[in-house]
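Beneath this line is the structure, given in structure tokens, with notes to follow.
A short reminder: the numbers here are calculations on the coordinates, not readings from a lab. On a predicted model such as this, the values are computed, not experimentally measured, just so you know. Reconstructed Cβ throughout: ideal geometry from the backbone, glycine too, with neighbour counts over all protein chains shown.
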């Protein structure tokens, strides 16, 4: 359970500002107003800690992705996957009604086993040296929940695919593309109601100065909030976060209890303004539409390749409409997912930068924004100077130092006091 939120309107670090529009200079006269330099706002120890934790964590995550992809392709594009599925499903009576869920559970189990050592290594690293507080019992429980959700989802998808394959063997992907697009929209709307409660408990933000400040912010933005929810994230981590999820009636702004308890009201308002920026720009809706288009395109891609005899022969698939082709289907689906990842990351970074600008325009408080970005990075043990190539391929947000530098540039352009370095450039 979470503790009651305690708004603390304490002074923001570096709140003694120079005059509006003045350039901020480091000791020695170096310009700092537009410098993406972590030394301006983070101590040497904070920068080193981010490298010690953030970089190994990123390496483990990348390795997990590559090994998982290799396993998926190895199973799906060689006879190994089809042979395994035939052997296992053949041991159970009941036909396709039983075989489809068995295939889904089996493939999910293989994927889980492949990723498990990396997930455990990441948990151990972040628990020993990072923000994670969750014990191993809770971690295993989360793994079990994730497995059950993935297996159920995969079984439902395979059931639809095989139904379409048997009804329209040559053009199944035409109705399949439409179903995939609709399903993507429905899943986005249902996610807050179906998936999020499996992993977290939520409660309305209690009445008080913070709630009043957030509702007033939403009113000024002309984006009335039905409610602001607090998630019990402290059960797993000390990291801070907030997000928007859902569509229409299911849309909500969620803040982590760690954020409510650790940050002063001004900084939480800055975070909420950023999330309202996503609402104002309909980023969740746009992302859902893009996801729907991507899902439809993936079904078409999969259907066209599944129709190629050479592809089926290489995979050892004799009956494309039977569960023995499930590994091949997953392999074909994985390829556009990986190839589209960098594009999705770039779109996300652009949306996040736009939401930052919206937050600054709405609050006109760059000092709170800068202080909050520092707080988020320190609490999350962020690597402040990530590998540029990896960040370009995988990063969903601009780097912390770039977000801070952009806020200072915004202040200089808009005649607002420019936040000085929070550390002093040391």
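Given the C-alpha atoms of region 154-287, compute the convex hull and give its volume per residue in Å³. Each step should come with its number before you reach the end.
Numbers: hull volume 15.8 nm³, N = 134.
Value for region 154-287: 118 Å³ per residue.
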Listed with the fewest Cβ neighbours within 10 Å leading, 279, 194 appear as 194, 279
Sort 191, 162 so the one with the fewest other Cβ atoms within 10 Å of its own Cβ comes first. 191, 162
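In nm, what is the difference between 0.36 nm times the number of residues separating residue 387 and residue 343 and their Cα-Cα distance?
14.1 nm
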Shape box of region 70-170 [Cα atoms, principal axes, largest first, Å]: 53, 28, 25
Computed from the coordinates I sent, Rg and Dmax of the Cα atoms in Å equals one of (1) 24.3, 79; (2) 22.1, 76; (3) 28.4, 95. Tell me the label. (1)
Using alpha carbons only, how many degrees (0 to 90, rounded to 10) separate the axis of helix 366-379 from the longest principal axis of the chain? 50
Going by how many other Cβ atoms sit within 10 Å of their own, how do 136, 410, 301, 172 line up, fewest first? 136, 301, 410, 172
Points 7 angstrom from Cα along the Cβ direction at residue 280 and residue 133: gap in nanometres? 3.3
R0 of 22 Å, Cβ-Cβ distance residue 78-residue 116: FRET efficiency to nearest 0.05: 0.45
Please give the residues of region 78-97, grouped as numeric ranges, whose backbone N is less than 19 Å from a label point set 7 Å along the Cα-to-Cβ vector of residue 319. 79-97
Only bridges whose two residues both fall in the chain count here: according to DSSP, what percent of them are antiparallel, nearest 5? 70
Ignoring everything except DSSP H segments at least 4 long, calculate the 222 nm mean residue ellipticity for the chain; use -39,500 (n - 2.57) per segment, divide by total residues, nearest 500. -22000 deg cm²/dmol
If the chain between residue 170 and residue 98 were fully stretched, how many nm would it gain, using 0.36 nm times the residue separation less the Cα-Cα distance? 23.5 nm
Give, in nm to one decimal, the length gained when the segment between residue 249 and residue 227 is fully stretched (0.36 nm per residue of separation minus the Cα-Cα distance). 6.8 nm
Computed over the chain: longest principal axis from alpha-carbon atoms vs helix 400-413 long axis, angle to nearest 10 degrees, is 50
Sticking with the crude label model, points 7 Å out along Cα→Cβ, report the distance from residue 364 to residue 43 in nm, one decimal please. 3.5
Any chance you could give the angle, 0 to 90 degrees and rounded to 10, that helix 265-280 forms with the longest Cα principal axis of the chain? 50
